[in-house]
Amino acid sequence: MPHAARSLIRASAASPAATAAPNPIVVAASPAPNNGSNGQTTQPSGLVKDAPTFQEAISKLQEYWASVGCAIWLPHNTEVGAGTMNPATFLRVLGPEPWNVAYAEPSIRPDDSRYGDNPNRLQRHTQFQVILKPDPGNAQELYLGSLEALGIDTKVHDVRFVEDNWESPVLGAWGLGWEVWLDGMEVTQFTYFQQAGGRALDAPAVEITYGLERIMMSLQGVTNFKDIRYAPGVTYGEMFYQNEYEMSCYNLDEADVADQRARFELYDKEARRLLAKRLPIPAYDHLLKLSHTFNILDARGAVGVTERADCFATLRGLAREITGLWVSRREELGHPLGLIPPPASPVSSRPVGAPLEPRSFVLEIGTEELPPDDVVSALNQLRERVPALLSKLRLTHGSVHVEGTPRRLAVVVEGLAARQASEEAKVRGPPAKQAFSADGSPTKALEGFCRKNGVDVGSVTREADAKGVEYVYAVVRDAGRDAVEVLTDELPGLVGSLSFKKSMRWNGHGASFSRPMRWLLALHGDVVLPFVYGGLQAARTTRVLRNSPAPELVVSSAETYLPALATAGIALSGSDRAEAIWRDVEAAAANVGRCPPILSPPSSPPCGLCNSTSPPFPPLPLPGHTFTGGTQHNTTQHDSEVLVMVMRKHQRYFPVFAPDGKSLLPYFITVANGPVDPAVVAAGNEAVLRARFEDATFFYREDLKQPLEAFRPKLSGTTFQKDLGSLLDKALRLERLVGPLAAAVAAARPGQAAWGEAGVLEVAVEAARLCKADLATSTVTEMTALAGTMGRHYAYKQASCGLSAAVAEAIFEAALPRQAGDLLPASPAGVLVAAADRLDSLVGLFAAGCAPTAAADPYGLRRAAYGMLQTLVTNNVGVSLRAAVAAAAALQPIAVSDAVQSDVLSYVNGRLEQLLGDGGAPAEVVRAVLGERGDDPALAAKTVEELKVWLRAGSLRRVMAAFSRPTRIVRGKEVPDASVAVDPAVFEGEEERQLYAAYTDARAKMSPAVSVSEWLAAVEPLLPAIDRFFDKVFVMCEDAAVRANRLALLRDLAALPRGVLDLSQLPGF
């Protein structure tokens, strides 16, 4: 292949004028969903007039990408799950050779098998893959040009780049980029590859992956894949329906699990043999076969959480070895495609001119679409660092404004001084005896000092320091430099200091950022500060909306920056955008006669409801473009949580509710990313949501064909962990564990006896039996976040079969909490099942050698332990962790030693310390309590809260001082064993007898659950007796018997806080 990277041409970013911004519009309800197809070609109105056929679309994409320098590759000859897995991508992105290719790739995903019944989901779909290595610098513009080649007018459609941090556990590969949405539908994955096979790439490569079936359904306006016009006179269904049906039968029903496991082992063995023969390409083919075999096992529901982690580890390890061998072989061959040349760097230059008076200053970092969280993070960093930098540089200024949109981070400083403030400093030089020779003439040391500081030798003075050593001093006056000069030198460091949770490289200049930088603007007044960073040189040009008549805009001065953006339709302030969009959302909801979709204020919109390309809402010209669509979908046939999740999480829509705030209505609201054709965009979003709902309907309808109970046996085919059995085995253990756990709760406190009663146990056992069943349903397999939610829903559906509402709610609560800030179980049965589930995982996985490490927690045990503790603490449920762990250990299929149980308790105790610390308790308070009451999390939490109050009040100081005296005396002494009781007959003085009597009274008031207040009230009378004892009694007397008796008394006294708190952990003890 020729060195195509050098011939890539830059696609134009310009487009004709867009439609004027409309007011919020109510769109007529979309037509009823088409859930079937007769295989006949339909003639609907699509997104594109005279839309191409499927094969014409492939041809158009090939022609377009070939025209900009890509070679046309061919599909691979074995099953791949995505175009990424073709060696033309996975292997060729490695190494220093240029590589620019495009190809169509049939991609096989057994888990998406639907027998051809689902109108939108296929187990064999077609991707079109593009690789650009190295990044040409305008990859997004090239991509948008390819949409135009398909006939998509980007000036009327809502095209947005939505954050997607892509990772392939199978390939040990990752990259940062986006999903590309066209009117709400994901049509492309756009990624800057950073790593493959566990190896960082020499040159990051751009990967563009089109989903052709989705694109063609929209372009042609059909609602079923079967109706796509594949070629003149031939539909997609006529070409591929039989294949889809029969392969679905194989993937979901007929593939033999045992045989597939055997194939997995054989392909693994053969791949390793080929590696030993130094044949990376056939070894990679066997890795692909291995991956496909895993996908079939997964589709058959035969892979559990822990087995999945093991399989991924096998695949990653092989991928790492194969990529290493591939890189070595290409090096041995002398890199036949040549080497990527070093990128050209801008020529450094200095500002031309300088303001003569204070002027505004603007810095703009222009990027490709940043993730919302990264925008917020970067703005916070700039708000802190810019004023600090200006102070360090002695540049006076007015207000500093830092704002951002997904494509820009902007700093605007009002009234920035033209020059640095002058400064005068007294600088110490060398010692006088080294500065002057014996005859008083200056030495070279003095001359160098003067030269360095720009002063005459005659101006230096002599002064002795505090030790009497005489030094020379010079008064150095710094008149200051022009602001444009010092900022040009300092701005690269400022930009380079910004950091993110995940950063990426995109070119050979070595810079890293959240997403690629594409332009820099820096102006002080009307003077450009031409600093260089990341291969870019700052200028006076900014970029606005891509579908603007002129996407690039020249800014004449810093003062005209904000007005220029506003004129171009850019609202720089995130809060202004949020308020504008919120206002339009409320108006749109009111226009359909309903209540607003959510009740949160615009400053804190619910997560996932807004366009993810903006913090918190998308960048819009003012006014915003808000559309209301109709779903025309029967919301009563679904659990409304399924539909809300589809709208909020998958589509970033606002669902619309009835005035009661609970009943879901057949409307949704979405926001466009700039000026578009409202009717086209609304219709496109309706079609996407219809397809999403049809998916949900398909899964839901399949699930309702059988009762929840019927899904339970299917759990036997899913491995939880190889030593711990299947998910069904785990469910059986939970049934058996809730009884002993309920008994432990009932025994922990007198007021918890009801937890062991038959009514609670019956509900808990039945919920434990069914709480994992929904994991085998189609809906939860597709949307795992609905685990527990669908179990509850299906249980309510089967109330006539004897499942009570209490059981249904406990099934749901067993999955809680699902993430930070989530709901927690509240019913006794729900608490028991949720705690039992997490205990079983913790004890079993620790025993199986799967405990988390500092670097990895593949089985989510931190979250499991934390969630269990939250549940117990929030519900104030007392239980002995030691007893609970022992009960879970007794039911495991493998031995759980005392050491393992101790490790589990230590681990859970660490999470409890974190939980209490997260609640605002000082670390020393938490440690003081956990040392004595860590076995009962709820009691420990209550004690921590009490102790915080008493410490703030200062009431503990006298008690701590009193108890510190016996504690220090017995520490390190030969104290009688605890079995040796104090003998009052040996006492010699009244002080001993009084202390012993006070101790006995206090000890009688102690109980396992005594509160801090009760403990303090019990020990308060001891304090005078302690003081008198130490004033009058000599503990270490000569009489051995008396001494031992006194030490025993102090031993018991020092132990009095035991079981409540460890006073030695508190400050001041």
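The values are calculated or read from the model by the stated rules, or taken from the named source; none is laboratory data. This is a predicted model, so every value here is computed, not measured. Methodologically, a virtual Cβ is constructed for each residue, glycine included, from the backbone with ideal geometry; neighbour enumeration extends over all protein chains shown. The area values use the complete protein model at the heavy-atom level, side chains included, leaving out ligands, DNA and RNA. Shrake-Rupley method; radii C 1.70, N 1.55, O 1.52, S 1.80 Å.
Of the residues examined, Arg769 is not one that is part of a helix (DSSP H, G or I), farther than 30 Å from Tyr700 by Cα and open to solvent by 30 Å² or more (accessible area, probe 1.4 Å).
For the stretch 526-571, the set of residues classified as open to solvent by 20 Å² or more (accessible area, probe 1.4 Å), part of a strand (DSSP E or B) and not hydroxyl-bearing (Ser, Thr, Tyr) consists of Val528, Val532, Leu536, Gln537, Ala539, Arg543, Glu552, Leu553, Val554, listed by residue number. Pairs linking a residue in the stretch 331-346 that is in contact (Cβ under 8 Å) with a residue 24 or more places away in the chain to a residue that is of a type in the set (Gly, Ala, Ser) and outside any loop (DSSP other than H, G, I, E, B), with Cβ atoms under 8 Å and 6 or more positions apart or on different chains, are Ile340/Ala5; Ile340/Ala203.
For the stretch 865-884, the condition holds for no residue, the condition being that it is assigned to a helix (DSSP H, G or I), open to solvent by 10 Å² or more (accessible area, probe 1.4 Å) and either outside the structural domain of Cys850 (by the TED database) or without any contact (Cβ under 8 Å) to a residue 40 or more places away in the chain (or both).
Taken residue by residue, the stretch 234-252 has at least one member that is closer than 25 Å to Pro75 by Cα and not in a helix (DSSP H, G or I). Checked against (1) at pLDDT 95 or above; (2) over 21 Å from Leu390 (Cα atoms); (3) surrounded by fewer than 18 Cβ atoms within 10 Å (Cβ to Cβ); (4) under 33 Å from the mean Cα position of the chain (by Cα), Lys501 passes all but a single condition, namely (1). If you go through the stretch 455-469 one residue at a time, do you hit one that is at pLDDT 90 or above, more than 30 Å from His524 (Cβ to Cβ), of a type in the set (A, V, I, L, M, F, W, C) and open to solvent by less than 40 Å² (accessible area, probe 1.4 Å)? Yes, the conditions are met somewhere in the stretch 455-469. Taken together, the criteria exclude Ala834 from residues that are assigned by the TED database to the domain that holds Ala744, open to solvent by 20 Å² or more (accessible area, probe 1.4 Å) and free of Cβ contacts under 8 Å to residues at least 40 places away in the same chain. Take Arg428 and tell me if it is of a type outside the set (Gly, Ala, Ser) and touching a strand residue (DSSP E or B) at 6+ places or on another chain (Cβ under 7 Å). Here the answer is yes, as Arg428 does meet what is asked.
A single member of Ala319, Ala302 is in contact with a Gly (Cβ under 9 Å, 6 or more places away or on another chain), more than 19 Å from Val93 (Cβ to Cβ) and open to solvent by less than 20 Å² (accessible area, probe 1.4 Å), and it is Ala302.
Scanning the stretch 923-956 for residues that are in a loop (DSSP other than H, G, I, E, B) and in the same structural domain as Leu1061 (by the TED database) yields Gly954, Ser955. Restricting the first member to the stretch 452-465 and to residues that are free of Cβ contacts under 8 Å to residues at least 40 places away in the same chain, and the second to residues that are surrounded by 12 or more Cβ atoms within 10 Å (Cβ to Cβ) and in a helix (DSSP H, G or I), the beta-carbon pairs closer than 6 Å and six or more apart or on different chains are Val457/Cys450; Arg462/Ala432.
Of all residues in the stretch 224-265, exactly one satisfies the criterion of being of a type in the set (A, V, I, L, M, F, W, C), open to solvent by less than 10 Å² (accessible area, probe 1.4 Å) and within 35 Å of the chain's Cα centre (by Cα), namely Phe225. Contact map, the stretch 364-382: residues that are under 9 Å from Glu163 (Cβ atoms) paired with residues that are in a strand (DSSP E or B), Cβ distance under 6 Å, separation 6+ or inter-chain. Pairs shown: Glu369/Phe161; Pro371/Glu163. Mind checking whether some residue in the stretch 121-138 is in the same structural domain as Pro204 (by the TED database), open to solvent by 10 Å² or more (accessible area, probe 1.4 Å) and at pLDDT below 90? The answer is yes, given that some residue of the stretch 121-138 is in the same structural domain as Pro204 (by the TED database), open to solvent by 10 Å² or more (accessible area, probe 1.4 Å) and at pLDDT below 90. Listed by position, the strands (runs of 3 or more DSSP E) enclosed by the stretch 370-443 that each have at least 2 residues that are buried (at least 16 other Cβ atoms within 10 Å of the Cβ) and modelled with pLDDT of 95 or more are 400-405, 408-416.
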